[in-house]
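The values are calculated or read from the model by the stated rules, or taken from the named source; none is laboratory data. The structure displayed is predicted, hence computed values, not measured ones. Cβ sites come from the backbone with ideal geometry, for glycine too, and all protein chains shown count toward neighbours. Only protein heavy atoms, including side chains, enter the accessible area calculation; ligands, DNA and RNA are left aside. Shrake-Rupley method; radii C 1.70, N 1.55, O 1.52, S 1.80 Å.
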Amino acid sequence: MEILKYFYDFLPAAGMTLQVTAAGIIIGMALGLIFALMRLSKFKFLSYPAKFYIWLIRGTPLLLQLLFIYFGLVGIIKLDQIPSAFIALGIHNGAYIAEIFRGAIQSVDRGQREAGKSLGMTNWMIMRRIILPQALKRSIPPLSNQFIIALKDSSLASAIAVPELLLLARQYGSATYRLMDFLAIAAVYYLTMTTILTAIANLIEKKLNISDYRE
Amino acid sequence: MIKVSKLNKWYGKHHVLKDINMTVDAGEVVVIIGASGSGKSTLVRCINFLEKAQKGTITIDGQVISHKSKKLHLIRREVGMVFQHFNLFPHMTVMGNVIEGLVYVKGMPKEEAIEEGKRLLEKVGMADKADVYPSMISGGQKQRVAIARALAMNPKIMLFDEPTSALDPELVGDVLAVMQQLANDGMTMVVITHEMGFAREVADRVIYMDEGRIIEEGTPEEIYNNPKNERTKEFLSKIL
Ligand SMILES: Nc1ncnc2c1ncn2[C@@H]1O[C@H](COP(=O)(O)OP(=O)(O)OP(=O)(O)O)[C@@H](O)[C@H]1O
Ligand SMILES: [Mg+2]
């Protein structure tokens, strides 16, 4: 079957999609946590830059951010396509994940913080030992949603010629005039990955609910 | 042990504590009563610096403490607090809750902390639940764990803010029994409660608060049998 051969051809591109997504998620999680904590800080010199970052990133399209980082930063630092995509996706997801973490942190009952204080814990200790573990658990559903968005958003990296699924589908399509077939192959890969991602998220959620604690 | 003088606290324009003067001696048990909104919780929370008073001083062990102090977390280690809604850490087991302060605040090795935790859970009658999560135990059991958690820090004084008012009536007794035992062991305690039986039996002194002021204080007999102030009489007639 010819179609199976094409599926095989698309495997490296699917791998690239996964890499861009993983980089976006990992960088995004790190940035998200840092900016969520900054945003919640009582110090303006921390909260204002975080607010600015979130405002800037959520207020502009990802495609623009990608192009800006790849072409716009040439004067400062020349980045290849793939690192540009990693960074753009990371910065983009960071803003959304920061808001997810912020909401989850704020949703933890304030009695928890007071209990920590009354034990003589410092603010940082309370955050690390008491608030964050509870907040991270609550973040799992919105995070898994964000991860699926990140997976699909990685297709925009095709605009700067990162050899991921959508770029390959379009290249094969224009070479053979059978674009629909190749889009369908890409779609199957995307659906497989989003389905697996969702299943993993559900599993984690279930596991935490059963073996850990209920609220 | 604790001396509160001329303490004043505002929430915005709302004057919640008005010139509060109060002392608690070592080993003493002081019960605070008063209508809802009279400022009982606020006063107790100020003693633990969970709230900041704008005027007045709080002296703990001869040391005047300003709420501007950078070392408030060190002072809070000396003052245990038990909350109306327990505020146990839901992501830690009962034992985890009790040893959290020992391990992460005091830096005690974990094995040693667990030994101490067992002793404390024994004391509050919760040793058999050491490995379960707070969501699996009753309110009364939660509150006894919360007491053990506070005791673990070996505080000089324990503050209780309506520790039994969120509990089903049949669970109140166990918690009060633990508190009574603590008092018998010589713990200095400030307790907001309307449990008159407990106050009569355990309290050395009862303080009546009304609209942010201490209006009357005395022994349980004086307050409950012979209140001098009209407002105290009125309040007591309502809760009796
Ligand atoms: N965080 C806050 N912000 C603004 N006002 C507050 C706050 N906390 C308490 N107050 C107000 O301060 C007053 C005293 O409250 P407090 O909780 O100390 O009363 P209380 O005597 O403990 O009452 P209760 O018996 O209902 O617990 C009340 O009028 C209350 O509305
Ligand atoms: Mg109160």
Take residues that are within 14 Å of chain B (Cβ to nearest Cβ) and under 22 Å from the mean Cα position of the chain (by Cα) and tell me which of the helices (runs of 4 or more DSSP H) falling wholly in the range A:101-184 contain 3 or more. A:132-153
Residues satisfying the stated conditions in the range B:162-195, i.e. open to solvent by 40 Å² or more (accessible area, probe 1.4 Å), of a type in the set (A, V, I, L, M, F, W, C) and within 16 Å of ligand 1 (Cβ to nearest atom): B:ALA166
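Name the residue, out of B:THR93, B:THR57, B:THR23, B:THR42, that is within 15 Å of ligand 1 (Cβ to nearest atom) and β-branched (Val, Ile, Thr).
Working: B:THR93 fails: within 15 Å of ligand 1 (Cβ to nearest atom); B:THR57 fails: within 15 Å of ligand 1 (Cβ to nearest atom); B:THR23 fails: within 15 Å of ligand 1 (Cβ to nearest atom).
Residue meeting the stated conditions: B:THR42.
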With the first residue restricted to the range A:197-210 and required to be touching a residue at least 40 places away in the same chain (Cβ under 8 Å), and the second required to be among the aromatic types (Phe, Trp, Tyr), Cβ contacts under 8 Å at 6 or more apart or on different chains are A:LEU197/A:PHE147; A:ALA201/A:PHE147
For the range B:204-224, indicate whether the set of residues that are within 15 Å of ligand 1 (Cβ to nearest atom), within 14 Å of another protein chain (Cβ to nearest Cβ) and under 23 Å from A:GLY111 (Cβ atoms) is non-empty. no
Please enumerate the residues belonging to the range B:32-66 that are more than 12 Å from ligand 2 (Cβ to nearest atom) and more than 14 Å from chain A (Cβ to nearest Cβ). B:ALA53, B:GLN54, B:LYS55, B:GLY56, B:THR57, B:ILE58, B:THR59, B:ASP61, B:GLY62, B:GLN63, B:VAL64, B:SER66
Among (1) open to solvent by less than 10 Å² (accessible area, probe 1.4 Å); (2) away from ligand 2 (no atom under 16 Å from the Cβ); (3) within 14 Å of chain A (Cβ to nearest Cβ), there is one condition B:LEU159 misses while meeting the rest; what is its number? (2)
Would you confirm whether any residue within the range B:119-137 is more than 16 Å from ligand 1 (Cβ to nearest atom), within 14 Å of chain A (Cβ to nearest Cβ), among the hydroxyl-bearing types (Ser, Thr, Tyr) and closer than 22 Å to A:LEU119 by Cα? yes
Can you tell me which condition A:SER118 does not meet? The list is (1) open to solvent by 30 Å² or more (accessible area, probe 1.4 Å); (2) more than 30 Å from A:PHE68 (Cα to Cα); (3) of a type in the set (S, T, N, Q), and all the others hold. (1)
